[in-house]
Protein chains: 2
Amino acid sequence: MAASVGTGSPCGACKFLRRKCTPDCIFAPYFCSEQGPARFASIHKVFGASNVSKLLHHVAVADRCEAVVSIAYEAQARIKDPVLGCVAHIFALQQQVQTMRVIKS
Amino acid sequence: MAASVGTGSPCGACKFLRRKCTPDCIFAPYFCSEQGPARFASIHKVFGASNVSKLLHHVAVADRCEAVVSIAYEAQARIKDPVLGCVAHIFALQQQVQTMRVIKS
């Protein structure tokens, strides 16, 4: 995950939100200036920038990268499938486990 | 899913948001006045009422109940595990499938 901290460019999230990127921006380490805006767009659409910012502030710094990856995955899944989102993936895996159990028994 | 449409009480979402519940409220069929506010609280915290409202408007009426169930599940999972949310469930299932494959081979 390329960071944009200290590069002089706004991070991808601030670029998307068209706001000034401050040195303590919570998004900057996880959204680079180039690919970041597109990645942040789906997160913003599904969760909202403010909700994700609050969530990240409540997560240890060491865990934030993983949190951003899981949030981005959930957001993309929800845009792809507005009814089930990533729960469709859970259903498919549960079905796979069930089928494997039947074959095994 | 108990609806509060036409009961005179505001739906659970409007009760939580302390706003007037109109006859065309998008949340009313899925959040009853009694248990609805607690159910809506996690959705509001993780996704935001406005984002969920927009999402439901883009989903066919027949699919909205399932969408609300999956959104509520994702929200509760994210509150329980702020780093991975329901992606933790996906990882656990993927691990289970992998283990079953190893045992089978």
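The values are calculated or read from the model by the stated rules, or taken from the named source; none is laboratory data. Keep in mind the model is a prediction, meaning the values are calculated, not measured. Reconstructed Cβ throughout: ideal geometry from the backbone, glycine too, with neighbour counts over all protein chains shown. With ligands, DNA and RNA removed, areas are computed over all heavy atoms of the protein, side chains included. Shrake-Rupley method; radii C 1.70, N 1.55, O 1.52, S 1.80 Å.
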Quiz prompt | Furthest towards positive pole of dipole, B:61, B:92, A:77, structure part the protein assembly as shown, Cβ charges | solution = B:61
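Quantify how strongly other chains surround peptide A:77-90 by giving the mean number of their Cβ atoms within 10 Å of each of its Cβ atoms. Numbers along the way, then the final one.
On the way: counts 4, 7, 1, 0, 2, 10, 13, 8, 7, 9, 11, 1, 6, 10.
If you average over the peptide's residues, the count of other-chain Cβ atoms is 6.
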Quiz item: Using a simple spin-label model with points 7 Å from Cα along the Cα→Cβ vector, what separation in nm is obtained for residue B:69 and residue B:53?
Solution: 2.6 nm
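Averaged per residue, what accessible area in Å² does region B:12-104 show with a 1.4 Å probe, protein chains only?
53 Å²
Could you work out Rg/(2.2 N^0.38 Å) for the protein assembly as shown, with Rg from alpha carbons only?
Numbers: Rg = 19.3 Å, N = 210, 2.2 N^0.38 = 16.8 Å.
Normalised Rg, Cα atoms only: 1.15.
Round to the nearest 0.05 the FRET efficiency obtained for residue B:19 and residue A:99 when R0 = 41 Å and r is the Cβ-Cβ distance. Intermediate values should be presented prior to the final figure.
Values: r = 46 Å, r/R0 = 1.13.
My answer for the efficiency is 0.35.
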Practice problem: For region A:4-47, build the charge dipole from Cβ charges (+1 Lys, Arg; -1 Asp, Glu) around the Cα centre, then report which of A:8, A:23, A:46 sits farthest towards its positive end. | Solution: A:46
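Mind checking the dipole of chain A: about its Cα centre, +1 per Lys or Arg Cβ, -1 per Asp or Glu Cβ, Debye to the nearest 20? Please list the in-between numbers first.
On the way: 12 positive and 6 negative charges, 47 e Å.
Dipole of chain A, to the nearest 20 debye: 220 debye.
Return the subset of B:80/B:104; A:104/B:80; A:80/B:15; A:20/B:15; A:20/A:54; A:80/A:104 for which the Cα-Cα distance in this structure is over 26 Å, preserving the input order. Numbers along the way, then the final one.
Numbers: B:80/B:104 33 Å; A:104/B:80 33 Å; A:80/B:15 31 Å; A:20/B:15 36 Å; A:20/A:54 18 Å; A:80/A:104 33 Å.
From B:80/B:104; A:104/B:80; A:80/B:15; A:20/B:15; A:20/A:54; A:80/A:104, over 26 Å: B:80/B:104; A:104/B:80; A:80/B:15; A:20/B:15; A:80/A:104.
In peptide A:96-105, how many Cβ atoms from other protein chains are near each Cβ within 10 Å, on average?
On the way: counts 5, 6, 0, 2, 7, 1, 0, 2, 3, 0.
What the average comes to for A:96-105 is 3.
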Practice problem: Starting from one equal scatterer on each C-alpha and no solvent at all, send me the Debye-based log10 I(q)/I(0) for chain B at q = 0.11, 0.14, 0.17, 0.20 Å⁻¹, two decimals. | Solution: -0.41, -0.59, -0.77, -0.97
